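The values are calculated or read from the model by the stated rules, or taken from the named source; none is laboratory data. Everything numeric in this text was worked out from a predicted model, so none of it was measured. All Cβ positions, even for glycine, are placed from backbone atoms using ideal geometry, and neighbour counts span all protein chains on display. Each accessible area value is taken on the protein alone, full model and side chains, heavy atoms only, with ligands, DNA and RNA left out. Shrake-Rupley method; radii C 1.70, N 1.55, O 1.52, S 1.80 Å.
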Amino acid sequence: MFAEYLIYLFFVLFPFINIQSFLYGGSSTRSIFLIATTSLLLIWFAVKLFKKKQTLVIPKSPILLLLLLYFISLIISAFVGFNFDNSFWSLATRTTGLWYFLNLGLFAWILWLVFSDREKYRKILLIIILSTSFYSLLSLFGPGGLGVIFKDYPGNAFTLSNSTFAGMYLFGVFLLSIYYLFQSEHKKWWMYALPISFIINPNILNRQVWSGDFSGVFVGEARASAYVIFLSLFALILIWLISKIRNQRNKKIFTYSILSFGVLLISWASYSLVTPNGFLQRIYLKQATAVRPITWEVSNKIFLERPVFGWGMDNFERVFEAHYDNRVLQDEYGNEAWLDRAHNVVIDHLVDGGAVGLGLYILVYLVIIFSLVYSALNSPEKNDRILSAILLVYFPLHFIELQTAFETSISYPILAFMMVSAVILFQRVRKTVNWETGRPAITYPLSVFLLFFVIWSTVWGLSPLLQAEIVNGQMRAVKSAEERIPLYPRLISSPVDPHAFLWRISTDFQRAITVDPEVLSSPSTALNLKKELVVIETEYKNYIKNNPDHFRAKLNLADILIFQNLFQVNKLDEAQKILDEAIELVPQNPQSYWIKAVAYIYMGKFKEAREYAKKGLTLNPKIKQSQEIVDYVENSIKTFPEVELFFFRQI
């Protein structure tokens, strides 16, 4: 009962839990939430196993086998990849590394263990649907929708933090709501309203439609999800028509023909999207930023350097640094200085896991799809056939969603639920006997291992991450540098991307002073802020000592050293040396040249300032900020020694 109700609680809260003070709160909050929930479930299971109140049960399923092989390939990619720590602990923007995957897999296993029973499955299904429907309606009437309620609410708990991630979650639950409607013997009005509650979400249906404005597109910001929701309706109608074929042989022929055609169509579409001047790429560029094709082009070169097992999960940003294409800084390409993903499931997997990782990932989808076809054609139960049809629609269309997006801790739980549903369904139709044992020689060591895993995961992972996230919020609430300084060791204590926490707090520190320089008029305040800058500088140096090839961290450190000039602390020569190292790492990125030019202005070395401003502009004259640096240098030379502080927006 404990596990059952804990999972109920997890899915009830999941759409809403979003702590604003956390770094990238939408994804990090939900990652922490899942890992904490999994830890409690594992403790429950280990205790029951130790007391002989529970046997060890593992599903015999080709889906599970492929998922295990895929996970093993990710582990290998992490070991042979660019940075194992990044792959295991992940980045703050995603928090979905191998550590998260391990917890997600164990969560899914207990989900399967508890909800294989039909009645319990129906309960968890209804809870997921009602919770998400409630979120969707709040989203519609909230600040991100019609603005009827919570007008002054500063948070974004009704957005799932990102329209794309919200759309993927909504799509999955939308299909589950259709299944719940059709499997119910006694259909009620609210069951018909549930699917509609997801379609009218402002991420799916443009909120301007409600005010009578039909001048724009009908779909909301989660365009891919909106399109696949409408496509899913046509797919379900097609499946319904196939189900009316009475001859079983003809039904199989027609089903596998449509399926084969669908696989070919999706393959062509994926290729057309990422191919320069491809048919779908041209359509895509009419609605989205042009930076994606550049990223895909660079990613192809990155993949070819390590084609077998790739670079490891969550190393994309670091690898992209070395292959930096400075066109991404042009306004027409979105002016995105840093890219942490390729935003395409095929290319992301090629970079992360190489050909092996991508091959196993696609194989997981194919095995799931063919197992669902088997269930749809062979199940004697009508409701099982309906569920097979729903899942058959979900997996191919979700793959289509991912052509311009990527999974996060927001979308993974619903994907895991769908996969568990596919495993349960296939086993039920095949009447598969699970592997089960109650032998103490196995269960006792396993229960101890699970408890030690929870302790290790909590002490080395969850607790430091949670501490860093809490401190991240505290440092913004604390107004005194004296109170902030002791918090820095805890801020960067997490193994999950300490650079991101340090970068965010140091950037906010600089921005606050730039916006309100009057804070420096108080000698005591200025002295304490100077001390805090030294702490930030020290932490950056310690980080770079352990990560000497981290280009972005070097830019950040140089910027902090230059910023101290505002406090009459001259560390400009040291900053120049750091920037020279950065240029050596990534000579094609103009940001290093920009910062050097500004530093030379502060040093009064106008010839060098002009030289590096011109070098930055020469790299790519179409980058607007390069010209801004040139203009800043010329204006500063005229007004020197009175020089305006230059704040770099994207380092």
Handout entry: Selection within region 521-540 - open to solvent by 30 Å² or more (accessible area, probe 1.4 Å) and touching a Leu at 6+ places or on another chain (Cβ under 7 Å)
Key = Glu539
Exercise for the section: Could you tell me which numbered condition Ser447 fails, if it satisfies all but one of (1) open to solvent by less than 10 Å² (accessible area, probe 1.4 Å); (2) under 30 Å from Tyr227 (Cα atoms)? Expected result: (2)
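So, in region 264-278, of the ones that are open to solvent by less than 70 Å² (accessible area, probe 1.4 Å) and outside any helix (DSSP H, G or I), which residue ends up farthest from Val291 (Cα to Cα)? Give the steps one after another, and end with the answer.
Here is the first cut: in region 264-278, the ones open to solvent by less than 70 Å² (accessible area, probe 1.4 Å) are 266-267, 269-270, 272-275, 278.
Subset that is outside any helix (DSSP H, G or I): 275, 278.
Working: Thr275: 14, Gly278: 15 Å.
If we take residues in region 264-278 being open to solvent by less than 70 Å² (accessible area, probe 1.4 Å) and outside any helix (DSSP H, G or I), then Gly278 is farthest from Val291 (Cα to Cα).
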Exercise for the section: Please state which of the following conditions Lys187 fails to meet, knowing it meets all the rest: (1) free of Cβ contacts under 8 Å to residues at least 12 places away in the same chain; (2) in a helix (DSSP H, G or I). Expected result: (2)
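Okay, residues lined up against (1) closer than 19 Å to Asn206 by Cα; (2) modelled with pLDDT under 85; (3) of a type in the set (Val, Ile, Thr):
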site	(1), (2), (3)
Tyr100	no, no, no
Gly105	no, no, no
Trp109	no, no, no
Asp117	no, no, no
Leu125	no, no, no
Ser131	no, no, no
Phe141	yes, no, no
Phe158	yes, yes, no
Handout entry: So Thr437, is it at pLDDT below 95 and either buried (at least 21 other Cβ atoms within 10 Å of the Cβ) or over 30 Å from Arg292 (Cβ atoms) (or both)
Key = yes
Completion exercise
Of the conditions (1) under 30 Å from Val459 (Cβ atoms); (2) in contact with a Phe, Trp or Tyr (Cβ under 8 Å, 6 or more places away or on another chain); (3) open to solvent by 10 Å² or more (accessible area, probe 1.4 Å), the single one that Leu111 does not satisfy is (3)
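Here's the yes/no breakdown for (1) in contact with a Leu (Cβ under 8 Å, 6 or more places away or on another chain); (2) within 17 Å of Leu329 (Cα to Cα); (3) basic (Lys, Arg); (4) modelled with pLDDT under 95:
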site	(1), (2), (3), (4)
Phe567	yes, no, no, yes
Leu579	yes, no, no, no
Ala582	yes, no, no, no
Thr618	no, yes, no, no
Ser626	yes, yes, no, yes
Ile629	yes, yes, no, yes
Val633	no, no, no, yes
Thr639	no, no, no, yes
Practice task
Take region 218-261 and flag every residue that is open to solvent by 70 Å² or more (accessible area, probe 1.4 Å) and among the β-branched types (Val, Ile, Thr).
Solution key: Ile237, Ile253
Exercise for the section: Check region 316-323 and report whether any residue there is closer than 27 Å to Ile63 by Cβ and either modelled with pLDDT of 90 or more or not polar (S, T, N, Q) (or both). Expected result: no
Handout entry: Evaluation of Tyr100 against (1) open to solvent by 40 Å² or more (accessible area, probe 1.4 Å); (2) under 30 Å from Ile492 (Cβ atoms); (3) out of contact with any Asp or Glu (no Cβ under 8 Å at 6 or more places or on another chain) (one fails), failing number
Key = (1)
Fill in the blank from the handout: Apart from one, (1) modelled with pLDDT under 95; (2) open to solvent by 10 Å² or more (accessible area, probe 1.4 Å); (3) over 22 Å from Tyr361 (Cα atoms); (4) not hydroxyl-bearing (Ser, Thr, Tyr) all hold for Ala92; the odd one out is (2)
Problem - Flag for Ala92 being of a type outside the set (Phe, Trp, Tyr), closer than 30 Å to Glu305 by Cα and outside any helix (DSSP H, G or I) - result: yes
Exercise for the section: Tell me, yes or no, whether region 127-147 has at least one residue that is of a type in the set (Ser, Thr, Tyr) and under 28 Å from Ser494 (Cα atoms). Expected result: no
Practice task
Confirm whether Leu23 is surrounded by 20 or more Cβ atoms within 10 Å (Cβ to Cβ) and at pLDDT 95 or above.
Solution key: no
Fill in the blank from the handout: Across region 38-66, the tally of residues that are open to solvent by less than 60 Å² (accessible area, probe 1.4 Å), in a helix (DSSP H, G or I) and within 15 Å of Ile424 (Cα to Cα) stands at 3
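What about Ser299, is it surrounded by 13 or more Cβ atoms within 10 Å (Cβ to Cβ) and either within 30 Å of Ser371 (Cβ to Cβ) or of a type outside the set (Val, Ile, Thr) (or both)?
On the way: surrounded by 13 or more Cβ atoms within 10 Å (Cβ to Cβ): yes; either within 30 Å of Ser371 (Cβ to Cβ) or of a type outside the set (Val, Ile, Thr) (or both): yes.
The answer is yes for Ser299.
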Exercise for the section: Kindly establish whether Asn326 is under 16 Å from Val586 (Cβ atoms) and polar (S, T, N, Q). Expected result: yes
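Out of Ile245, Ile283, which single residue is without any contact (Cβ under 8 Å) to a residue 40 or more places away in the chain and in contact with a Lys or Arg (Cβ under 7 Å, 6 or more places away or on another chain)? If you could, list the steps in order and put the result at the bottom.
On the way: Ile283 fails: in contact with a Lys or Arg (Cβ under 7 Å, 6 or more places away or on another chain).
Only one candidate qualifies: Ile245.
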